[in-house]
1. What number of residues in the range 49-76 are touching a helix residue (DSSP H, G or I) at 6+ places or on another chain (Cβ under 7 Å), of a type outside the set (Ser, Thr, Tyr), touching a residue at least 60 places away in the same chain (Cβ under 8 Å) and not in a strand (DSSP E or B)?
2. Sort out which residues of the range 12-48 are without any contact (Cβ under 8 Å) to a residue 24 or more places away in the chain and hydroxyl-bearing (Ser, Thr, Tyr), and write them in order of number.
3. Confirm whether residue 112 is small (Gly, Ala, Ser) and either in contact with a Lys or Arg (Cβ under 6 Å, 6 or more places away or on another chain) or in contact (Cβ under 8 Å) with a residue 60 or more places away in the chain (or both).
4. Which one is surrounded by the most Cβ atoms within 10 Å (Cβ to Cβ), of the residues in the range 106-126 that are more than 21 Å from residue 156 (Cβ to Cβ) and either in contact with a Ser or Thr (Cβ under 9 Å, 6 or more places away or on another chain) or among the charged types (D, E, K, R) (or both)?
5. Just wondering, is there one or more residues in the range 77-96 that are touching a Cys at 6+ places or on another chain (Cβ under 9 Å), assigned to a helix (DSSP H, G or I), modelled with pLDDT of 95 or more and among the hydroxyl-bearing types (Ser, Thr, Tyr)?
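The values are calculated or read from the model by the stated rules, or taken from the named source; none is laboratory data. If you're wondering where the values come from, they're calculated on a predicted model, not measured in any experiment. We place every Cβ from the backbone using ideal geometry, glycine too, and count neighbours over all the protein chains shown.
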Amino acid sequence: MRYQKVCIESVVCMLPPHVVTSDEIEARLLPVYERLHLPVGRLELMSGIRERRFFDPGTLPGQISGETVRRAIETSGIDAQYMGALIHGSVCRDQMEPATACGVHHAAVLPSDALVLDVSNACLGLLNGVVMLADMIELGRIRAGVVVGTEIGRPLVEGTIESLLKAPDLSRRDIKPAFASLTI
């Protein structure tokens, strides 16, 4: 759809402070690599990912998203009172219920009548949120809104490494399903 009344006013990124390289992950997995005769360097070679970034342990997505929303609204120059919707488009959530978007809405001090929801669709949640928000603006249902997402990859990567190291009977076939979890 071509939108006539919609534009993106700001894009803000909150980059996690801790860099973890594929080489560092493979160094931790060296006992598994040696046991299965896997060549070091395959994680980066197969994924193209040299590094990923993590927030401090225990950080919740909503904590980062709240700050991101505040910065995005400030950068946009649009008064927060005009934000008619907040969509949190992440896989990661603070908890199952209530929606992470509720806490983000509160942290960002948005209008009490704003539509607030989580959209989780693997890596497409943010894009789906942008389309939903654009449709609402185009149809005149809201004047402005914000889509935000924060992924917390550390627990998944750490848990995957731990489970691979603890599996004594692990085969090359068994390790394949874990590969995607190491690319987060």
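1. Adding up the residues that qualify gives 7.
2. 33
3. So residue 112 fails the test.
4. Per the criteria, the residue is 108.
5. No: the range 77-96 contains no residue that is touching a Cys at 6+ places or on another chain (Cβ under 9 Å), assigned to a helix (DSSP H, G or I), modelled with pLDDT of 95 or more and among the hydroxyl-bearing types (Ser, Thr, Tyr).
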